[in-house]
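Only one structure is covered here, and it is reproduced in the block below.
The values are calculated or read from the model by the stated rules, or taken from the named source; none is laboratory data. A quick note: this is a predicted structure, and the numbers were derived from the prediction, not measured. Cβ placement follows ideal geometry from the backbone for every residue including glycine, while neighbour counts extend to all protein chains displayed.
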Amino acid sequence: MGIVVPIDEVEALGARLRTKGQRVVFTNGHFDLLHVGHLRYLQGARALGDVLVVGVNDDAVTTQRKGLGRPILPESERAELLAGLVCVDYVTVFHEPTAERSVALPEAEIVAGYGGETVILPLEKGRSTTSIVEAIRKGRSVR
């Protein structure tokens, strides 16, 4: 089970893990209404290294990007749900529009600067919180 850590501890955490020879994978997103697309994406990310750190966009950024009525779940619950996944080692909530402080896309230059690699994983087609919400609004199941 993963651990939720404050954003200001993530850089030191990554340095400690890399010093131990572990390959650290970082990804981020809103993760509002956790679904199978998220799970498959996170499992794919975890397969790329030894430790998976997940950054969660805070509520304000999620509302700004996804619109009124979002997020559906508050940032603390989204972080807790992610930390409960076997494939996730650490979770942090960040409050900026990008995860630059945590080192993620679109910050590929930063990653390359310390010898890291940027990998873009495909998303699960037809699986998104937006499509789930739309299906609920229309009274139909998600297929």
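Observations, loosely collected:
- When residues in the stretch 81-99 are screened for being under 20 Å from Val24 (Cα atoms) and surrounded by 15 or more Cβ atoms within 10 Å (Cβ to Cβ), 13 of them pass.
- In the set (1) part of a helix (DSSP H, G or I); (2) closer than 21 Å to Thr98 by Cβ, the condition left unmet by Glu80 is number (2).
- Matching residues, the stretch 11-43, being hydroxyl-bearing (Ser, Thr, Tyr) and within 30 Å of Arg143 (Cα to Cα): Thr27, Tyr41
- Lone qualifier among Arg65, Arg70 - being assigned to a loop (DSSP other than H, G, I, E, B), more than 20 Å from Met1 (Cα to Cα) and basic (Lys, Arg): Arg70
- Any hit, the stretch 102-124, residues being surrounded by 14 or more Cβ atoms within 10 Å (Cβ to Cβ), at pLDDT 70 or above and within 20 Å of Pro6 (Cβ to Cβ): no
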